[in-house]
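Only one structure is covered here, and it is reproduced in the block below.
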Amino acid sequence: MNSQPHSLAPQELGSFRNEYNKTTVEKNDTLLYAMGGLGEIGKNTYCFEHGNEILIVDAGVRFPEDNLLGVDYVIPDYTHLVKHNRKRKVLIITHGHEDHIGGIPFLLRSVNIEAIYAPRFASALIRKKLEEHRMVKNVKLIEIDDRSSVNMKHFTVGFFNTIHSIPDSLGILINTPNGRVVETGDFKFDLTPLGLNADYQVMAYMGQIGVDLLMSDSTNSGVEDFSISEKKVAQEILDIMRKTNGRLIVATFASNVLRVAQILEAAVKCGRKVCIFGRSMENVVTIGRKMGNINIGEEHFLAPEELNHTPSNKICIVCTGSQGEPLAALSRIASGTHRWIKLIPGDTVVFSSSPIPGNGASVNQVVNKLFRAGANVLTKSVLNNLHTTGHASQEEQKLMLQLIKPKYFMPVHGEYKMLVQHKNTAIETGIPPENIFTCANGDVLILRDHQVFPSSWRIQADDIYVDGNDISGLSTAVLKDRKILANNGLVSVVIAIDSKENKILMKPVIVSRGFVFIKDSQSLLKEAENIVHQALKEKMAQRTTFGELKNCVRSTLEPFLYNKTHRNPIVIPVIINSKSTMAQIEAIRAQKMSAKEKSAGENTKAKKENKKPRSSAGKAAQ
């Protein structure tokens, strides 16, 4: 890219999501593109490329939807970064939430990163994550704050404080050879914050000196007015603590460190001791105490085994599971399967959270189970202030736009409708519609001499499905098979042949799992075996291959099963090509049969012998 324009591979060409005139990439252009975070909540990864350098902002994951069976994480496709591994790359983190740092271990396995720059709390979380993946020695992790700067050959980066639901949240100012860009990270405006205040003066100053492009958080674009202050939530939680007589169980996001700190402080003020459940909650509390964000002494914590020996009105349990996750602590408590906690009438359960879109049904299931167990359940409603968001609503988004005063605008971090709603909000503040870019992952914007253009070039930005720690990615075919297995089950066809003599040694055996109830479907399976047997005999009357035999089984059996059951199970043919193996199988089968016959004979003999004594005893009694 130093000496010539980008060469465009055919697979990298694609249509831009907006109907603009496309611009060809030139030698001295600065490129901006998202590998994740657009049209979705999560997977935030934004890249700035100029010459031989790539600046990456955040590296997040997205948690899978219910239809992604067996998938643990969804990460961006890093192919473009791998392809340009010789270019210098630096990663900057805005804050420590999983949708901004969760992809770091996967990124580092395939992409050369010179250094990671992250704010204080995020650094602690990243270090813990790298230790778990045994990668901490291979990474240069540098702590930053609002006074820090990162200097590369083509990029100079500064920072400013923002307010979010986690400590040490930063927005960033990126100076490029072609213009100035502000990326807000996740933010809100809270006029009575619990932690550090936002840098209003710095934002206003950036607006005065001139910002070419603003990239701003769109999560709450559909929410009107200002969000509730965290101090109101803190007061609500304290009031509930004081009024509750029995045991108190509070569920919230483990990542919302400031909220967790509020809950613990309220418990201490009310004379309650705290017990923490949930791995992520335990990690955050440990790191929060170490970093000074949670100031609660060890004497105020309870070990799980001490719960039964502590009065109910002196207990506050803080746990994960506010989104109805099946394996989280609160779900296990509600189901009665938790090792340490059994619900009793009089317990009060507080959800200091709101359901994430799509989690409503799971949360309702947990709430119903809690009510059935006799617990009093409190959730966020118009009657209380048990939760507030960490993302800017419409009025706060307008305030950010008015402070920064950008020439161009790109909404980020949100589903497509959120991006469009944020676009409309920006138009209200006076930004021309033609200067607003509603992009998709992989679309490329060109910064050229303080102007922004959509590019005709597009990078690969597919989803990679991570199963365990394998980042090679599951193909859509694997996920399709998992869905079929879940819905229709499996049918395996065992075929014994002698390829030398080109004949079938025995009738095929069909085994079913999750398809039909075998005891009630013997006639169906026998008929299926006969049909497959006949098809194979016809096929083996001529020269054939193992692949053709398998295809013959599938093409014969699949339509038959669908016609009979209107279901499409996965059909797996298993071919055994060995006379000796078949002889061993037949010998084992014969042994089992003789053992059964012998056992049946002994049982019959025993029954006859048992009948005779009873008969003579009866006569003697008479």
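The values are calculated or read from the model by the stated rules, or taken from the named source; none is laboratory data. Worth saying up front: this structure is predicted, and the values here are computed from it rather than measured. Cβ: placed from backbone, ideal geometry, glycine included. Neighbour counts: every protein chain shown. For the accessible areas, the whole protein counts, side chains as well, though only heavy atoms, and no ligand, DNA or RNA atoms are used. Shrake-Rupley method; radii C 1.70, N 1.55, O 1.52, S 1.80 Å.
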- Note on the structure: Residue hits (region 190-224; out of contact with any helix residue (DSSP H, G or I) (no Cβ under 7 Å at 6 or more places or on another chain), part of a loop (DSSP other than H, G, I, E, B) and of a type outside the set (A, V, I, L, M)) are ASN197, ASP199, GLY210, ASN220
- Query: What number of residues within region 229-254 are part of a loop (DSSP other than H, G, I, E, B) and open to solvent by 50 Å² or more (accessible area, probe 1.4 Å)?
  - Reply: 2
- Query: If LEU307 satisfies every condition in (1) loosely packed, with under 15 Cβ neighbours inside 10 Å; (2) more than 30 Å from the chain's Cα centre (by Cα); (3) in a helix (DSSP H, G or I) but one, which is the exception?
  - Reply: (1)
- For region 74-112, enumerate the residues that are open to solvent by less than 10 Å² (accessible area, probe 1.4 Å), at pLDDT 95 or above and assigned to a strand (DSSP E or B). LYS89, VAL90, LEU91, ILE92
- Sole miss for ASN530 among (1) within 20 Å of LEU485 (Cα to Cα); (2) polar (S, T, N, Q); (3) at pLDDT 85 or above is condition (1)
- Query: Do we have any residue at all in region 371-378 that's at negative phi and either open to solvent by 80 Å² or more (accessible area, probe 1.4 Å) or assigned to a helix (DSSP H, G or I) (or both)?
  - Reply: yes
- Message: Which pairs turn up if I take residues in region 479-504 that are farther than 21 Å from GLU65 by Cα and look for partners that are open to solvent by 70 Å² or more (accessible area, probe 1.4 Å) and part of a helix (DSSP H, G or I) with beta carbon separation below 7 Å, at least 6 apart in sequence or on another chain?
- Response: ASP498/LYS579; ILE504/LYS537
- The correct count of residues that are buried (at least 19 other Cβ atoms within 10 Å of the Cβ) and closer than 24 Å to PHE48 by Cβ in region 113-124 is 7
- Got a sec? Which of THR379, THR438, THR389 is under 26 Å from ILE263 (Cα atoms), among the hydroxyl-bearing types (Ser, Thr, Tyr) and in contact with a helix residue (DSSP H, G or I) (Cβ under 9 Å, 6 or more places away or on another chain)? THR379
- Query: When the residues of region 442-463 are filtered to those that are part of a loop (DSSP other than H, G, I, E, B) and farther than 22 Å from LYS83 by Cα, which remaining residue is most open to solvent (accessible area, probe 1.4 Å)?
  - Reply: ASP449
- Residue list for region 268-286, filter: open to solvent by 40 Å² or more (accessible area, probe 1.4 Å) and over 19 Å from LEU238 (Cβ atoms): ARG279, SER280, GLU282, ASN283, THR286
- Of the conditions (1) farther than 15 Å from PRO508 by Cα; (2) touching a Lys or Arg at 6+ places or on another chain (Cβ under 8 Å); (3) touching a residue at least 40 places away in the same chain (Cβ under 8 Å), the single one that GLU548 does not satisfy is (3)
- Message: For region 328-352: of the residues being small (Gly, Ala, Ser) and buried (at least 22 other Cβ atoms within 10 Å of the Cβ), which is farthest from LEU68 (Cα to Cα)?
- Response: SER352
